[in-house]
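Engineer: Questions regarding the structure given below will be posed in turn.
Values in this text are rule-based calculations from the coordinates and carry no lab data. Just so it is clear, the model here is predicted, and its values are computed rather than measured. Every residue, glycine among them, receives a Cβ derived from its backbone with ideal geometry; neighbour counts consider all protein chains shown.
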Amino acid sequence: MSTTPTVYDVAERSGVSIATVSRVYRNPDSVRAQTRERVLAVARDLGYVPSGNARGLASRSTGVLGLCFPDYSDPDAESEAEAGAGGHGDEADDEAAMLYSDQIIRGMERAARRHGYALLIAASLKGGPESLVAKVAGRVDGFAVLARTVPTEELEVISRRQPVVMLAGPRESNDLDHLDHIEVANADGQRELTRHLIEDHGLRRLAYVGFAEESPDVEARFRGYVEACRAAGIEVGAEPDLRVAMMTQAEGARAAEALLDRPGERPEALLFANDQMAVGALHTLDRRGLRVPQDVAVTGFDGIALSRLVRPALTTVRQPMRRMGEEAVELLVRRLSDRAQGKTEDPVSMTLPVSVARRASCGCRAA
C-alpha cells in the first residue's frame with residue numbers, strides 16, 4: 001500500500017534540507033533557481049502537496065491568517081438580496097446578499113491568496129468571540145479582530161507572540177497603542193450625509209436611529225450627525241432618537257413604526273446607522289402609505305449591495321469594506337516579514353476615506 005509523500009521524502013530525494021523545501025513553497029525567490037526547480041521536479045514525481053503543518057516545520061508558521069468578529073447575520077437582508085438580484089444567477093445573488101463582515105472577508109481572502117496564505121474565520125454570535133480567540137491565535141500566524149469584540153487583556157497577551165491588526169473603531173485602550181489599526185472615517189461620512197439633507201434638501205426635522213450595544217463605529221457616526229445638526233442650528237440631544245438591540249432589517253422596520261407613532265410632527269428624514277435597518281424602514285413606510293422621499297427621506301450607512309437594489313435606491317455612506325480586509329492582510333504580512341528579519345517598526349494607524357452615495361431615497365436622482 002502506497003503512503004502519502006512527506007516533506008522529508010522531498011528533502012531526501014532532492015538532497016536538500018527540510019528548511020529549503022519549506023522556503024521553496026513559502027518564499028521561492030529566496031532559493032536559487034536551479035535548486036528550486038530540482039525540488040519542484042521531485043515533488044511532482046512523488047505527488048507531494050505541501051500542507052500547512054509541513055510548511056511550518058522550519059519556520060514554525062502555519063501559512064494561515066485569522067479573522068475574529070461577531071456574526072451579526074440578517075436573514076431578512078439575505079432573502080431580499082436574492083429577490084432583488086433574481087434572474088442574474090447565483091453569483092449575482094451572493095454579491096447582493098453580502099453584508100458588512102462578508103465584504104471584509106472577501107477583501108482578506110483576496111489579499112491572503114495573493115500572498116500564499118489561507119484564511120481562518122472565527123465568527124460567533126452566541127457567547128461572543130472571546131471563547132474563540134485562544135483557539136484562533138494558536139492556529140494562525142497573525143490575525144485581524146474587530147474592535148471591542150475581544151477583551152483588551154487577551155489581545156495584549158496574544159500580540160506578544162504574533163501580529164494583531166484591529167479593525168474598525170478607535171483604539172479603546174492605551175494598552176493597545178502598539179497594535180496596527182484600521183478604521184474608516186465614520187464621523188466624516190455621517191456629517192457630510194447629514195449636511196446634504198439639511199443644506200441641499202432643506203430638511204430640518206431629523207431622527208437618528210443607533211445601536212444599543214457599544215459600537216465605536218456607530219458612536220462615531222452619531223457624533224458626525226450631531227456635529228452637522230448643531231452647525232446648522234438644529235437642536236439635537238446627546239443620544240440618538242432611538243436605539244435598537246440589533247442592526248437588522250426587522251429592527252429597522254420596528255424603529256420606523258415607533259418613530260412614526262410618536263406624538264408631534266412627523267420627522268422629515270430618518271437616518272439609520274446602517275443600511276440593513278434603513279431597508280427595513282422602507283418596508284414600514286410603504287406599508288403605511290408614506291412615499292419616500294416625498295413624505296419621509298431615508299438614509300443608511302455602509303454601502304452594501306442591497307442598498308442599490310431596493311426601491312427607491314438608498315442614499316447611504318459607502319465605506320471601503322473590502323479594502324479594509326485587504327489592508328489588514330497587507331499589514332499582517334508586513335509584520336510577519338519584519339519579525340522574521342528581526343525588525344521593529346512603529347504601529348500603523350490608518351483611516352480609510354468614505355463617500356456619500358446620493359440616491360433616490362433622499363430626493364436625489366439615482367446615479
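Engineer: Between ASP338 and ARG262, what length comes free when the chain is fully extended (0.36 nm per residue of separation minus the Cα-Cα distance, one decimal in nm)?
Structural biologist: My answer for the length gained is 21.6 nm.
Engineer: Taking H as built 1.01 Å from N, whose amide H comes closer than 5 Å to the amide H of LEU203, not counting residues under 5 places away?
Structural biologist: Here the answer is ILE198, since their amide H atoms fall under 5 Å of that of LEU203.
Engineer: Convex hull over the Cα atoms of the range 245-367, averaged projected area in nm²?
Structural biologist: Averaging across all directions leaves 9.9 nm² for the Cα convex hull.
Engineer: Further question on the same structure: Quick one: Debye curve from the C-alpha atoms of the range 324-367, no solvent, what's log10 I(q)/I(0) at q = 0.22, 0.32 Å⁻¹?
Structural biologist: The computed values of log10 I(q)/I(0) come out as -0.80, -1.11.
Engineer: Based on the Cβ-Cβ distance from ALA212 to SER355, what FRET efficiency comes out when R0 is 22 Å, to the nearest 0.05?
Structural biologist: For R0 = 22 Å, the calculated efficiency reads 0.20.
Engineer: Using θ = phi - 60° and the Karplus form 6.51 cos²θ - 1.76 cosθ + 1.60, what ³J(HN,Hα) does each residue of the range 111-121 get, whole Hz, x for Gly and Pro?
Structural biologist: Computed from phi, the couplings for the range 111-121 are 6, 4, 4, 4, 9, x, 10, 9, 10, 9, 10 Hz.
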